[in-house]
Amino acid sequence: MAIKSNEIPFVMGQKVTANIRGENFSVCVRGWLKGQYVITDLPKVGGESYRVAPQTGVQIHFIKEGLFVNFKSSTTLALAQPNALLVIEYPRTFDLHNLRKFERFKTNIPTTFFYEEGDKKFEDSGILRDISSGGALISHTKEVTKQNLLYVSAELPTGGSIKLQKAGVQNLRKNPKSEASLYVTGVKWKGLLPETEAAISRFITERSRERRENQR
């Protein structure tokens, strides 16, 4: 689904793919100024800085939180010393596409969950980082696996609750910056319970209304 925005959702240090003269390079964003320029690392080949002349065409694309970003522009300056940087014209147009089936809403809601392996029950607590009608993102302390079926519970701020809702583990990653929430796990709801579905629907409706009002 195409998304409308007047600004590219860059993040400092984020890796992007730069296609220059038919070759793809993985570089990091080092800075930008809307309407003027974007600064990335200067690509390297075999440890040597890649030679890029001014006005060379470049295509940039990256994915951020399920959003695919793509644009074409041209280079203005390549600096090999003292820092290897590439300056690109800020594009006049760019494409944003939501790759996710369900829209997600950021949250900071305490949650508990458990899963069972044989006769053993493993419990943990954490934070719901985002919620959609299809699943959620949870940060927590104990590791889980894709074989685990989680039973998630949380009280939503808009009223209603998630109680022992089944959720399958979809993706896993570590979060070394936080000892309290060492793991970040994406889950997909399994057979939404009526109470859970109603609570999530109310939450999404309220957050959608707030988002529309903030965009006015």
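Taken together, the values in this text are just the output of simple stated rules run on the coordinates, not laboratory data. Computed from a prediction, not measured in an experiment: that's the story for all the values here. FYI the Cβ positions are ideal-geometry reconstructions off the backbone, even for glycines, and counts take in every protein chain you see.
So the check is Cβ under 9 Å with 6+ separation or different chains; which pairs have a first residue in region 84-99 that's in contact (Cβ under 8 Å) with a residue 60 or more places away in the chain and among the polar types (S, T, N, Q) and a second one that's surrounded by 15 or more Cβ atoms within 10 Å (Cβ to Cβ) and assigned to a loop (DSSP other than H, G, I, E, B)?
Final answer for the pair search is ASN98/GLY66.
Taking region 1-31 as the region of interest, how many residues are under 17 Å from the mean Cα position of the chain (by Cα) and within 28 Å of ARG211 (Cβ to Cβ)?
The total comes to 15.
Considering each of PHE62, PHE25 in turn, give the residue that is assigned to a strand (DSSP E or B) and farther than 20 Å from LEU96 by Cα.
Going through PHE62, PHE25 in turn, just one is assigned to a strand (DSSP E or B) and farther than 20 Å from LEU96 by Cα: PHE25.
Given the criteria surrounded by 11 or more Cβ atoms within 10 Å (Cβ to Cβ) and out of contact with any Gly (no Cβ under 9 Å at 6 or more places or on another chain), does LYS15 qualify?
yes
I'm checking my understanding of the structure. Among residues of region 91-112 that are surrounded by fewer than 18 Cβ atoms within 10 Å (Cβ to Cβ) and over 30 Å from SER133 (Cα atoms), which one is farthest from the chain's Cα centre (by Cα)?
By that ranking, first place goes to ARG92.
Condition (residue is more than 22 Å from LEU67 (Cβ to Cβ), crowded, with 18+ Cβ neighbours inside 10 Å and of a type in the set (A, V, I, L, M, F, W, C)) applied to region 167-174: is it met by at least one residue?
Scanning region 167-174 turns up at least one residue that is more than 22 Å from LEU67 (Cβ to Cβ), crowded, with 18+ Cβ neighbours inside 10 Å and of a type in the set (A, V, I, L, M, F, W, C).
Please state which one of THR145, THR141, THR76 is in contact (Cβ under 8 Å) with a residue 12 or more places away in the chain, hydroxyl-bearing (Ser, Thr, Tyr) and either surrounded by 15 or more Cβ atoms within 10 Å (Cβ to Cβ) or closer than 25 Å to THR205 by Cβ (or both).
The conditions single out THR76.
Here is a list: VAL52, VAL87, VAL69. Which entry is surrounded by 17 or more Cβ atoms within 10 Å (Cβ to Cβ) and assigned to a loop (DSSP other than H, G, I, E, B)?
Sole residue among the options that is surrounded by 17 or more Cβ atoms within 10 Å (Cβ to Cβ) and assigned to a loop (DSSP other than H, G, I, E, B): VAL52.
Do the conditions hold for SER181, that is, is it in contact with a His (Cβ under 7 Å, 6 or more places away or on another chain), surrounded by 13 or more Cβ atoms within 10 Å (Cβ to Cβ) and among the small types (Gly, Ala, Ser)?
In short, yes.
Return a yes/no flag: does region 182-192 have any residue that is over 28 Å from ARG211 (Cβ atoms) and either of a type in the set (D, E, K, R) or within 21 Å of the chain's Cα centre (by Cα) (or both).
Yes - at least one qualifying residue is present in region 182-192.
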